[in-house]
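A.B. asks: Here's a structure for you.
Please treat every number below as a calculation from the coordinates, not as lab data. This structure is a prediction, so every number in the text was calculated from the model and none was measured. Here Cβ is always computed from backbone atoms with ideal geometry, including for glycine, and neighbour counts include all displayed protein chains.
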Amino acid sequence: MRIGINTLVVVSSEIGGALTYVRKLVENLARIDKENEYFLFVAPWNHELFQVRKGNFRQVVCNIPLKSLTLRILYEQTVLPILVWKNRIDVFHSPASVSPFLLSCPSVLTLHDVMPFIFPKLTPLIFRFYWGVSYRISAKKAQIIIAVSHSARKDLIKFLGIEKKKIALVYHGNEKPDLKTKEKTRTALLEEKKESETPYILWVGRMYSHKNLTRLLYAYSRVIKTDKISHQLVLCGMIAWEYSSFMKTVKELLLEDKVIFKGYVSDDVLKSIYADASLFVFPSLTEGFGFPMLEAMACGTPVVTSNCGAMAEIAGDAALLVDPYSVDEIAEAMHKVLTDETLRVALIKKGLRRSSQFSWEKTARETLAVYKAAWGKE
């Protein structure tokens with residue numbers, strides 16, 4: 001089988017759940033599959049990220065002249081299908097929610113979430129229109145759609161009208177936590193957490209409206225002013241359309257010296273930031289999966305997250321769950337974790353256990369099974 005994978009969505013200077021997914025999926029397919037041929041459709045700016053030294057993996061460089069979203073979209077819908085046909089691809093995987101509409105072979109589509117349909121008013125009009133059209137057509141054209149959680153699968157059925165039998169559930173994976181850390185005693189777990197000069201609460205992600213950052217700010221303000229908590233709030237990730245509103249709220253709440261926005265950081269640095277954080281807070285209104293929760297857990301950091309959708313599904317009993325619409329609940333949970341040592345240690349241990357249950361190798365094996373099923377539908 002000749003399998004094509006579209007990596008054009010991956011830009012080396014960005015981080016995000018979908019981008020991590022593409023990179024880790026390719027790495028682990030290379031580990032487990034020596035029989036099928038893989039064609040990685042890469043761009044001039046990301047080909048170094050996919051240097052797979054395996055005889056059954058090769059790159060097809062797509063000569064997109066600029067790192068432009070508009071040019072990439074046009075290229076994917078016009079030139080990419082021709083390259084797929086020329087390379088005699090048997091199954092083509094689009095791992096980032098949108099696929100070429102005209103393909104000469106069966107296609108697999110990973111649809112991570114349908115946030116623009118769930119919260120249309122939180123999505124800028126141009127993106128709402130583009131995603132509304134492209135998601136529907138991509139889903140209709142695909143032989144099999146991969147959903148990354150039970151919650152995401154329900155949303156695909158509800159908002160896009162996709163038949164359940166057309167959807168395969170394949171959870172994302174996670175890096176394995178250090179087993180030595182996992183087995184440490186309560187005292188050792190606490191001692192292992194490095195004490196920075198100023199302790200901090202952490203959030204990681206892209207600054208989209210559904211990430212619920214405004215309520216997080218109000219909850220954080222309440223914790224440090226009412227409960228006299230001295231922690232800073234550190235945010236890591238990419239600027240998106242919520243950034244201006246977020247910074248305005250920071251100024252209104254007089255938090256300029258308390259909120260630290262680090263922007264993009266490398267994976268290695270991010271692990272260190274996770275590990276040093278006193279608490280990770282992730283109060284999203286919706287997620288397809290919620291990578292950062294598991295990343296924080298694997299680094300031995302307690303987690304507060306939403307009590308709904310994929311957040312509750314993925315976190316299980318390993319996080320303190322809150323109503324994401326309630327500033328009071330978010331603030332109270334933050335205060336509890338920061339002041340209750342027994343709760344904190346329990347969450348650390350449960351988090352290490354929970355994060356170890358998600359494996360990128362398992363994701364790769366189940367995805368390979370989806371490729372075979374799609375090929376059989378030709």
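A.B. asks: What is the sum of charges, Lys and Arg at +1 and Asp and Glu at -1, for the other residues whose Cβ falls under 15 Å from the Cβ of V79?
C.D. replies: +1
A.B. asks: Continuing with this model, one more query. Semi-axes of segment 179-355's equivalent ellipsoid from the Cα gyration tensor, sqrt of 5 times each eigenvalue, largest first, rounded to whole Å?
C.D. replies: 23, 17, 16
A.B. asks: Give me F41, F246 sorted ascending by neighbouring Cβ count inside 10 Å, so fewest comes first.
C.D. replies: F246, F41
A.B. asks: Using a Gaussian network for the chain with springs between C-alpha atoms less than 10 Å apart, which of these wobbles most: A346, A277, A319?
C.D. replies: A346
A.B. asks: Return the single residue from L66, L279, L169 with maximal mean-square fluctuation; model: Gaussian network over the chain, springs between Cα atoms under 10 Å.
C.D. replies: L66
A.B. asks: Taking a 26 Å limit on the Cα-Cα distance, which of the listed pairs K271/K349; K54/K166; K165/K350; K251/K271; K271/K362 fall beyond it?
C.D. replies: K54/K166; K165/K350; K251/K271
A.B. asks: Among the chymotrypsin sites (Phe, Trp or Tyr not before Pro) within segment 274-378, which fall in a DSSP loop and have no more than 16 other Cβ atoms within 10 Å of their own Cβ?
C.D. replies: Y325
A.B. asks: Calculate how large, on average over all directions, the projected area of the Cα convex hull of segment 93-152 is; give the answer in nm² to one decimal.
C.D. replies: Approximately 4.1 nm², given one-decimal rounding.
A.B. asks: With just the Cα atoms defining each centre, how far is segment 121-160 from segment 15-67? Give it in Å.
C.D. replies: 24
A.B. asks: Taking every Cα atom in the chain, find the radius of gyration and the maximum pairwise distance Dmax, and write them in Å.
C.D. replies: Over the chain's Cα set, Rg and Dmax evaluate to 21.1, 64 Å.
A.B. asks: Taking the chain as a Gaussian network, where each spring joins two C-alpha atoms under 10 Å apart, which residue of I314, I167, I64 fluctuates the most?
C.D. replies: Checking each option, the largest mean-square fluctuation is seen for I64.
A.B. asks: Still on this structure, please answer the following. If you project the alpha carbons of segment 216-300 onto their three principal axes, what span does each projection cover, largest first, in Å?
C.D. replies: 33, 30, 23
A.B. asks: From the phi angles alone, apply the Karplus equation (6.51, -1.76, 1.60; θ = phi - 60°) to segment 120-125 and give each ³J(HN,Hα) in whole Hz, x where the residue is Gly or Pro.
C.D. replies: Residue by residue, segment 120-125 yields x, 6, 8, 10, x, 3 Hz.
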